[in-house]
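Have a look at the structure below, then the notes.
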Amino acid sequence: MRILSLGAAGFIGSHLTDRLLKEGHHVTGLDLQADKLTDYLTHPNFTFLRQDIRSPESNLDRLIQESDLVIDLIAYANPGLYLRIPLEVFRLNFTENLKIAEACVRHNKRLIQFSTCEVYGRTAASLKNAQLLNPEDPIHATFSEDTSEFILGPVSKHRWIYSCAKQLLERVLHAYGLEHGFNYTIIRPFNFIGPKIDYLPQQAADIPRVFSFFMGSLLTGAPMKLVNGGTNRRCYTYIDDAVECCYRIVENPGAVCDRQIFNIGSPHNEVSIRQMAELMRNIYAEKFRENPAVPLPEIVSVSGEEFYGEGYDDSDRRIPDITKARTLLGWEPVWGTRDTFERTMEYYVNEQCEAMTSSLAGR
Ligand code: UGA
């Protein structure tokens, strides 16, 4: 297939590009920069286009017309940005993505749209007046693609603008499916993690996700900060598991993915952010710390406002119901929590060593 991958140089896009090329597809990858794709730039089946789809010069329409399948990964997906530039988060994640979808409708192309588990928002158990028999029962935090309600905070908590933008995009795709027979598949990733997830805070212009903050702390000794005590929970999904499922969606056996939404996530890998900090610290001490005399970073608590600024709110807990991916695609995640973190941390430890070696060699 000739696949157009928009946002190909991001974390998910770079891993997916690797798989698509291995499977023999021709990939045109479009992104602002190619840092995470340097291994593929000379691959005979890969074309990289350094382009901003927001630019008036963008030839997106022609690129879509010439492809067999469009994969849209373009997004601002880090909570720090929802707080800092909410309007731009809306524009990119809704307005610009809508242009891509509408071009796919015009040219009758199948679209795989990456959305987010953030559309589900908070759990019923988190509501102030919730009167649940057992609020801890995972059933209250297990989200299903076609039946779960979405629970978001007030407008003044502008973290939710991202969730809303993605939700609206999903609803518009659904409507195009109904009215025009548009063929799309929506993917809702549940905290994918692995090599290249984000730059570490000391290298990044953006505010990265929690893994990178904690990894940065382990490498520099700065405190690991738990936002609001680190009680919120996430299910971390190793990128190899995630890409396996994404690739099955690309293949779309028997057209089972047509006009469907899929959760992709590892329901058994649930951790609180505090548990994650402790686990990463233990793994670091056991596997990667070179000098046991150097103290491990302390774990401290900060408020959401202090860490992110005004307008912060959070998903308290989210567990993917993956029955659909299991039954329609025969997919099952295999990576457990510890291995997922260990393998991801190993990448950053090695990267740091390489950076130190090359800066010493440059002296
Ligand atoms: C983000 C995005 O909003 C999702 O769209 C995306 O799907 C998801 O990442 C993902 O990686 O898949 P979130 O899990 O909230 O969602 O992102 P993080 O920034 O990694 O935050 C996770 C939790 O850690 C939050 O409770 C946050 O407050 C906390 N945190 C973050 C800390 O306790 N300490 C930090 O240093 C950073």
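Tabulated data for the structure shown
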| quantity | calculated |
| --- | --- |
| Within segment 1-38, tally of residues that are basic (Lys, Arg) and under 17 Å from Arg248 (Cβ atoms) | 2 |
| Neighbours by Cβ (under 8 Å, 6+ apart or cross-chain): first from segment 218-233, closer than 27 Å to Pro320 by Cα and more than 8 Å from the ligand (Cβ to nearest atom); second open to solvent by 30 Å² or more (accessible area, probe 1.4 Å) and hydroxyl-bearing (Ser, Thr, Tyr) | Gly229/Ser301 |
| Residue among Val89, Val105 that alone is within 16 Å of the ligand (Cβ to nearest atom) and in a helix (DSSP H, G or I) | Val89 |
| Residue within segment 237-250 that is at negative phi and either in a loop (DSSP other than H, G, I, E, B) or free of Cβ contacts under 8 Å to residues at least 24 places away in the same chain (or both) present | no |
| Residue in segment 201-210 that is within 13 Å of the ligand (Cβ to nearest atom), crowded, with 22+ Cβ neighbours inside 10 Å and assigned to a helix (DSSP H, G or I) present | yes |
| Test for Asp258: is it in a loop (DSSP other than H, G, I, E, B), within 30 Å of Asn108 (Cα to Cα) and either open to solvent by 50 Å² or more (accessible area, probe 1.4 Å) or among the acidic types (Asp, Glu) (or both) | yes |
| Residue tally, condition within 13 Å of the ligand (Cβ to nearest atom) and assigned to a loop (DSSP other than H, G, I, E, B), over segment 159-181 | 1 |
| Qualifying residue in segment 124-144 (condition: hydroxyl-bearing (Ser, Thr, Tyr), more than 15 Å from the ligand (Cβ to nearest atom) and in contact (Cβ under 8 Å) with a residue 24 or more places away in the chain) | yes |
| Residues within segment 279-298 that are within 11 Å of Val349 (Cβ to Cβ) and either part of a helix (DSSP H, G or I) or open to solvent by 70 Å² or more (accessible area, probe 1.4 Å) (or both), tallied | 5 |
| Segment 182-194, residues that are open to solvent by less than 20 Å² (accessible area, probe 1.4 Å), more than 8 Å from the ligand (Cβ to nearest atom) and assigned to a loop (DSSP other than H, G, I, E, B) | Phe182, Gly194 |
| Residue check, Asn263 in contact (Cβ under 8 Å) with a residue 40 or more places away in the chain and within 12 Å of the ligand (Cβ to nearest atom) | yes |
| Search result, residues across segment 299-316 that are open to solvent by 30 Å² or more (accessible area, probe 1.4 Å), over 20 Å from Glu278 (Cα atoms) and within 8 Å of the ligand (Cβ to nearest atom) | Tyr308 |
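Table: residues versus (1) within 23 Å of Arg209 (Cβ to Cβ); (2) under 18 Å from the mean Cα position of the chain (by Cα); (3) not hydrophobic (A, V, I, L, M, F, W, C).
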position	(1), (2), (3)
Glu286	no, no, yes
Pro297	yes, no, yes
Val300	yes, no, no
Tyr308	yes, no, yes
Ser315	yes, yes, yes
Arg326	no, no, yes
Pro333	yes, yes, yes
Arg343	yes, yes, yes
Glu351	yes, no, yes
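Listed here are the residues, each with its yes/no results for (1) at pLDDT 95 or above; (2) of a type in the set (A, V, I, L, M); (3) open to solvent by 40 Å² or more (accessible area, probe 1.4 Å); (4) within 20 Å of the chain's Cα centre (by Cα).
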site: Glu57; (1), (2), (3), (4): no, no, yes, no
site: Leu63; (1), (2), (3), (4): yes, yes, no, no
site: Leu81; (1), (2), (3), (4): no, yes, no, yes
site: Arg84; (1), (2), (3), (4): no, no, yes, yes
site: Arg91; (1), (2), (3), (4): yes, no, yes, yes
site: Asn108; (1), (2), (3), (4): yes, no, yes, no
site: Leu111; (1), (2), (3), (4): yes, yes, no, yes
site: Leu168; (1), (2), (3), (4): yes, yes, yes, yes
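The values are calculated or read from the model by the stated rules, or taken from the named source; none is laboratory data. Everything numeric here is computed off the predicted structure, so don't read it as measured data. Every residue, glycine among them, receives a Cβ derived from its backbone with ideal geometry; neighbour counts consider all protein chains shown. Just the protein is used for accessible areas: all its heavy atoms, side chains included, with ligands, DNA and RNA removed. Shrake-Rupley method; radii C 1.70, N 1.55, O 1.52, S 1.80 Å.
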